[in-house]
Amino acid sequence: MTDPRPKQGKSVFIRTYGCQMNVYDSERMAGLLKPLGYGLADKPEGADLVILNTCHIREKAAEKVYSELGRLKRLKADKAKTGGEMKIAVAGCVAQAEGPEIAARAPQVDMVVGPQAYHRLPELIAKAARERGDVLDTDFAVEEKFDRLAAREAAGPSAFLTVQEGCDKFCTFCVVPYTRGAEVSRNVDAIVAEARSLAAQGVREITLIGQNVNAWASAPPAGVSGDQWGLGELCRHLAKIDGIERIRFTTSHPRDMDDGLIAALAEEEKLMPYLHLPVQAGSDKILKAMNRGHNGEHYVRLIERIRAARPDIALSGDFIVGFPGETNEDFEATLALVEEVGYASAYSFKYSRRPGTPGAAMGKQVAEDEKDARLARLQSLLESQRQAFNAAQIGAELPVLFEKPGRNEGQLVGRSPYLQSVHVRAPHSLLGKIVKVKIEDVTPNALAGALSSKEEAAA
Ligand code: 5AD
Ligand code: SF4
């Protein structure tokens, strides 16, 4: 049998598209390959293995993969000319959704591996070395994947931690329930073990991630009586780990924002006052057609309850314009909802027709130029809210977690509780620490501030 272990000194280049879950998965793939002798390359040229960890959420994201594969085909040929070999793997949601199509459209691809099968990458690499032609693995078996992944190395003071995967909500525009499968929660012990190991490596902030993170539910850990835990209990439990100073979670669904989680936001100081709670649209007719399971009024009342529980909370959201059947009046309802709620930041997209989803087959598709016009109006409103939120921080003292050196000498960059980047003149010794910063200025994409004199004296 071929020895799957390459000689020391092989290199893997991983390109990540899409959401935080893919960022997490890429990090895990790098960790899996390290014991096999693969070091991380910072460019695809000359790499022994190139992995594209792909996103299928919108057509543009999926198409990017095929253009990148065209470029890789040339790099693979260049490497072959010098007697070397470059293997190409497509991972992530395009792999899941279009596995056989990738094989047909891009014969330069050696491996296609779905998001629930990447723990088998070492076996696939060995198989691809033995066999010509594609090796395809797009099975669904989430628990097995997590069982098989070893402890991971932290890359900085802030880390993602997957607690939940998949989605049962079936919004009519969305491919996620098909690419990521049904909602599955990891158990408390596995999550705690990963969080402890991260904390021991200097991680101060964990972001619990899941496609529907607040649908997380699991039995309490061994020795603790009581019913199923929800995300609120999990957050309170993780807050007890020494070293973990900040906890975030994303992405939440309005339908799963239960009282336990709202109470945890109110009472647990380590939970950051920032919540990503997508609503997608403001019109009840469109929300119904999207199968969101709530109307605009329900969402606005929910935000009121959350704000009453945690007055300093800032909100972020996702929006889609031009869903089938969306009239100008429906779109105005989205603008009105944005005005009413007020967002600190947001993502907004033109509706993209995804094959196999109910939305793709709906009548009254909205013309592309109409979508462009609506997106521009929505984005200008959201941007003005974001700028106003940032400007309102001037003069405030915010705790900042320093994550990396800044571009200028003597400068560090960190994050405020609201995920804003903050640039500060500060010594290296403060990397990985949470320090009070007086905010003095805002630029379009960041805040700038100075250490308070007490912090400066201590540094
Ligand atoms: N078209 C446009 N945006 C989409 N999203 C999901 N599916 C689509 C689609 N077909 C957006 C939603 C979701 C975010 C991750 O991507 O706003 O919350
Ligand atoms: Fe997609 Fe809706 Fe599930 Fe979010 S809740 S992943 S938008 S189907």
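At-a-glance table
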quantity: Members of segment 327-342 found to be away from ligand 2 (no atom under 16 Å from the Cβ) and not small (Gly, Ala, Ser), listed by number; calculated: 327, 328, 329, 330, 331, 332, 335, 337, 338, 339, 340, 341
quantity: Residues satisfying the stated conditions in segment 348-382, i.e. more than 16 Å from ligand 2 (Cβ to nearest atom), surrounded by 14 or more Cβ atoms within 10 Å (Cβ to Cβ) and in a loop (DSSP other than H, G, I, E, B); calculated: 365, 366
quantity: Every residue from segment 397-424 that is surrounded by 14 or more Cβ atoms within 10 Å (Cβ to Cβ) and either of a type in the set (Val, Ile, Thr) or more than 22 Å from residue 203 (Cα to Cα) (or both); calculated: 400, 413, 422, 424
quantity: First in segment 173-196 and under 19 Å from residue 53 (Cβ atoms) and free of Cβ contacts under 8 Å to residues at least 24 places away in the same chain, second anywhere and assigned to a helix (DSSP H, G or I) and more than 16 Å from ligand 1 (Cβ to nearest atom), Cβ under 6 Å, 6 or more apart; calculated: none
quantity: Scan of segment 383-421 for residues that are over 20 Å from residue 156 (Cβ atoms) and either assigned to a strand (DSSP E or B) or basic (Lys, Arg) (or both), ordered by number; calculated: 386, 397
quantity: Matching strands (runs of 3 or more DSSP E) fully within segment 1-101 where at least 1 residues are open to solvent by 20 Å² or more (accessible area, probe 1.4 Å); calculated: 10-16, 38-40, 87-92
quantity: Some residue of segment 275-288 being part of a loop (DSSP other than H, G, I, E, B), within 15 Å of ligand 2 (Cβ to nearest atom) and polar (S, T, N, Q); calculated: no
quantity: When residues of segment 289-298 are limited to those that are part of a loop (DSSP other than H, G, I, E, B) and of a type outside the set (Lys, Arg), the one farthest from the chain's Cα centre (by Cα); calculated: 295
quantity: Answer residue from segment 102-125, given it is touching a residue at least 60 places away in the same chain (Cβ under 8 Å) and open to solvent by 10 Å² or more (accessible area, probe 1.4 Å) and is nearest to residue 149 (Cα to Cα) among those; calculated: 122
quantity: Residue selected from segment 176-210 under the condition touching a helix residue (DSSP H, G or I) at 6+ places or on another chain (Cβ under 6 Å), within 16 Å of ligand 2 (Cβ to nearest atom) and open to solvent by less than 10 Å² (accessible area, probe 1.4 Å), by the criterion farthest from residue 237 (Cα to Cα); calculated: 179
quantity: Residue within segment 304-311 that is touching a residue at least 40 places away in the same chain (Cβ under 8 Å), part of a loop (DSSP other than H, G, I, E, B) and within 14 Å of ligand 2 (Cβ to nearest atom) present; calculated: no
quantity: Failed item in (1) free of Cβ contacts under 8 Å to residues at least 40 places away in the same chain; (2) outside any loop (DSSP other than H, G, I, E, B), with residue 220 passing the rest; calculated: (2)
quantity: Segment 247-271, subset open to solvent by less than 20 Å² (accessible area, probe 1.4 Å) and within 10 Å of residue 310 (Cα to Cα), residue farthest from ligand 1 (Cβ to nearest atom); calculated: 264
quantity: Every residue from segment 334-343 that is open to solvent by 30 Å² or more (accessible area, probe 1.4 Å) and either touching a residue at least 60 places away in the same chain (Cβ under 8 Å) or touching a Ser or Thr at 6+ places or on another chain (Cβ under 8 Å) (or both); calculated: none
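The values are calculated or read from the model by the stated rules, or taken from the named source; none is laboratory data. Bear in mind the structure is a predicted one, so any value in this text is a computation, not a measurement. Glycine gets a Cβ as well: all are built from the backbone with ideal geometry, and neighbour counts include every protein chain shown. Protein only, heavy atoms only, side chains kept; ligands, DNA and RNA dropped before computing areas. Shrake-Rupley method; radii C 1.70, N 1.55, O 1.52, S 1.80 Å.
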